[in-house]
Each structure stands twice: as structure tokens, then as C-alpha cells.
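Read through the structure below, which is laid out as C-alpha cells, and then see the notes.
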Amino acid sequence: MGNSLKGASWTLLSVFILVKKLTTRRSLSRDTVQRRQFDIAQQLKLSMLAKVNEEESLFALAVDESKDIKDSAQLLIFVRSLSPTFELCEDLLSMETLTTHTRGEDIFLAVKKACIQSSVDLKNLRGICTDGAPAMTANALNHRQFLEILHTSESFAEEIPYHTDVRWLSQGETSRRVLLLRKEIVEFYSMKNKDCPLLNNDFLTSLVFLVDLLMHVNYLNQNLQGKATTVCLMHRKIKDFCDKCRLLKSHLQQGNFYHFPQLTALIDSKEVKPDQIPTVRFSGTLDGLLQEFANRFQDFKKISATIRLVASPHLVETESAPLHLQMELVELKNNEQLVKKFTEESDLLDTWKSAVEYPQLRELARNILVLFGSTYLCEAAFSRMKYLKNKYRTRLVDSNLESGIRLMVSSESPDFASLSANMQEQGSH
């Protein structure tokens, strides 16, 4: 059974089915099912830790914090390890509940605790990736009344969540929805006898510009999602985005709105005139965004030369490389088969895995490729957490929540034969 399910994404439903098949036909109590689930999750964790703690393996962490439905602050810690033979492992290291504060010090102590309990050797830690954003909330009564307007007007929009965590991966879509629901929002304000800011041309123009700008940000975000995303890819995509922002600024200064489709539509609808677009202010916004990216990713600037040496060694000037790598770099550049892989942008992990003739360059690559490119795994896990701990399961304890998340995100395959052999027959309750 384990072989046929290898590589699958484990959901709680599949686990319940498998647990039932591995036990007798007697009915299982809720506690028994939870215990079986915990046993499977624990085995997955031990399998993951065996890879992370393999001799000479390097690892990096991705850490993010969010609140569950009971407003408990949950800290997810993902680990990414790379063995000397370039075997990659990405999985959940631990979930820590922050019971008092969520300050930097509290997060640091929680990460340190998780590492100690997992017996990982911190001298092999190569980097920590973090991210977070505050949640946006709304008044419950206003939320319910607004939904009534959507339903009576047969709006195409789905229900807007009352408690929406607008993280950096979803802000563009949220802003776009506000624009799409402009008519309904105006009606809602009218019902409340309040002035709607969307009727103000200056506000509307700024919102439309924001939607267009976040469209470009979302394109960047989408390229950074997924497992095994390398820091090399992230570095290149961020550089692409910053260059695009400079191009957009130049276009704004010329009165060219080609890459601002919503702004163009607003002009075409005659709601605003081209000369009413505050291009100077919007250009300043792009300058601010560029500065924010420069500050946020300043660590990339320190290692940009190293990243380029790992991502495109065939394009690096030999004498600009560190002295101890120059001889190997000369040989690599003359290896047409390997250079072809870099030119074709083949998977970097596979490419460097095969580059055994260049041990020093290969080790440099391992130190870079082990780094997380983003906190995508954390954010994806938080999205799944709401299905585990919801309004019907608010009393789910933290240990069971962690087990459930591990079963949903793990890429490991449980050894059901071993688990079945260790099971003690439980009587029905």
C-alpha cells in the first residue's frame, strides 16, 4: 500500500482511511484515531530528522507566524536540508504556540527550542527566511449587510471572509476585488448614509493605480511559489521586478499607461482625463517601492556575486571569482555538456549534483542552494490550517493540530508496515 501511495499529498481523510484498513474491523474511538494520526506524524518527523541530521548535511529555516481561529499565535518552522550528494529535503520542523508575546525575542527563543528538541546542529544552519503581515478585520454587522447587497444584486463575487489575513501573496487580489465590487460598495455606503471614497476621483485613481501595480507584484509572487524554489531564482526575479519598476516609472513620466490596464480602462471610460493622472506622485510611489525592495533584500546585495557564480558560472569573469575557485571555474567553462545545462537553465540542484569534478564550486553551490527563497511553505500551511482548526473544531489541541499539518504538507511516505506491526489492538468504546 505504501508504494502505491508514495509521493502523494497526505490529507487527514486519507490517513483516517489508511488507519482503518490497518486495524481490526472494530470501531475506533476518537482518541484512538488521534493517536494513530499522531503516530504516523511522528514517524514522518523522525524520517525527516534523519535526513536533516545526516552527517555533513546543511540546512536552512523558513519561519512565519499567524493566528488560528482561536486567536492563538502559531509559529511554523520549515526546514530545508541538502546532503553532500545534493539530496534535498523540505518539511515541517515544528509548530510552536506563542502563548504570551510575538516579539522578535519570543520567536527567536521558540526557534531555538525547536532546534534543540530536534537535535539539529546549528553549526550547519546556513540561513533563516522570515516574513509576516498583520491581519485585516472588519465589523461583523457591516460584513453581513454587505453580503446581503451582493446577494440581492446577484453579484458574481464570492463571500468575502470576515477575518481576512491579507498576506503579501494576496494583497493584489484583495485590492482588485474592491475595484470589481465598486458598484456594490457605493450602494452599501449609500444605505449607511455615508460618503463613499470611491466616488472621489482622486481616491479612485489612486486605487486603480494600486491595483495595476499590485498586478505586477502578484506576477513576481507567483513566480516565487512552490516547493524547492531556490534563492537564485528569487534573486533573478526580484532583479527583473525592480528593472520593470524603473521602466514603469519612465512610462508614467511620458504619459504612457500601456502597462497599467485598469488605469487605461478608467481613462477610456471618460471618468478621468489623462492630464488628471498624478504621474509625479505615482512615480514617487514606484521610487518608494524600489527603496523598500532594496532595504528588504539588502542581504542579496552582499551575496549577489556568489549567487551569480552558482546560477551562471559560465558567464562569470574567471579572475573576478575567489582565487581558490578560479582553476575549477576555468575547467567548468570548458565543459560543454555542463555549460549547456546552465545555458538551458536546467534544474540547478540536478546540474550541480552532477558536477562532481568541481568539488569546491559544488560545495559553494550547496551553501547557496540550501537557502529558502521565500516563506511560501509557511503561508501555504497556514492556508491549510483553517481546514483543521475551524469553527467546528475550535478545541483542537496544539499537538493534534501540528500532527494534522504535518500529514497535509509532508512529502515523506509513512512506513505503514512498521506502524501496523507496532499497533496494539484497541477495544471498541
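The values are calculated or read from the model by the stated rules, or taken from the named source; none is laboratory data. Remember, predicted model here, so these are calculated numbers, not experimental data. No Cβ is skipped: glycine too gets one built from the backbone with ideal geometry, and neighbour counts run over all protein chains shown. Just so you know, the surface numbers come from the protein's heavy atoms only, side chains and all, with ligands and any DNA or RNA stripped out. Shrake-Rupley method; radii C 1.70, N 1.55, O 1.52, S 1.80 Å.
With respect to Arg80, determine if the residue is open to solvent by 90 Å² or more (accessible area, probe 1.4 Å), within 23 Å of the chain's Cα centre (by Cα) and not polar (S, T, N, Q). First the steps, then the outcome.
Numbers: open to solvent by 90 Å² or more (accessible area, probe 1.4 Å): no; within 23 Å of the chain's Cα centre (by Cα): yes; not polar (S, T, N, Q): yes.
No; evaluated as a whole, the condition is false for this residue.
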Checking Ala355 against (1) small (Gly, Ala, Ser); (2) touching a residue at least 40 places away in the same chain (Cβ under 8 Å); (3) touching a helix residue (DSSP H, G or I) at 6+ places or on another chain (Cβ under 8 Å), which test does it fail? (2)
Name, by its number, the condition in (1) touching a residue at least 24 places away in the same chain (Cβ under 8 Å); (2) open to solvent by 80 Å² or more (accessible area, probe 1.4 Å); (3) of a type outside the set (S, T, N, Q) that does not hold for Lys389. (2)
May I ask you to list pairs of residues, at least six apart or on different chains, whose Cβ atoms are under 9 Å apart, with the first in segment 265-290 being on the phi > 0 side of the Ramachandran plot and without any contact (Cβ under 8 Å) to a residue 40 or more places away in the chain and the second being in a helix (DSSP H, G or I) and aromatic (Phe, Trp, Tyr)? none
Looking at Phe108, Phe59, Phe38 in this structure, which one is aromatic (Phe, Trp, Tyr), at pLDDT 90 or above, at negative phi and not in a loop (DSSP other than H, G, I, E, B)? Phe59
Where in segment 235-349 are there helices (runs of 4 or more DSSP H), lying fully within it, with 3 or more residues that are buried (at least 16 other Cβ atoms within 10 Å of the Cβ) and touching a strand residue (DSSP E or B) at 6+ places or on another chain (Cβ under 8 Å)? none
What do you reckon, is Glu87 under 16 Å from Lys45 (Cα atoms) and among the acidic types (Asp, Glu)? no
Here are the criteria: (1) outside any helix (DSSP H, G or I); (2) at pLDDT 80 or above; (3) open to solvent by 30 Å² or more (accessible area, probe 1.4 Å). Tell me which single one Gly427 does not satisfy. (2)
Filter result for the condition that a residue is assigned to a helix (DSSP H, G or I), aromatic (Phe, Trp, Tyr) and either free of Cβ contacts under 8 Å to residues at least 24 places away in the same chain or surrounded by fewer than 19 Cβ atoms within 10 Å (Cβ to Cβ) (or both), over Phe209, Phe203: Phe203
Of the conditions (1) open to solvent by less than 60 Å² (accessible area, probe 1.4 Å); (2) at positive phi, Asn367 fails just one. Which one is it? (2)
Failed item, numbered, when Glu87 is tested on (1) at pLDDT 90 or above; (2) closer than 17 Å to Leu371 by Cβ; (3) of a type outside the set (Val, Ile, Thr); (4) surrounded by 14 or more Cβ atoms within 10 Å (Cβ to Cβ): (4)
For the subset of segment 400-413 comprising residues that are modelled with pLDDT under 80 and more than 16 Å from Asp68 (Cβ to Cβ), which member is nearest to the chain's Cα centre (by Cα)? Ser411
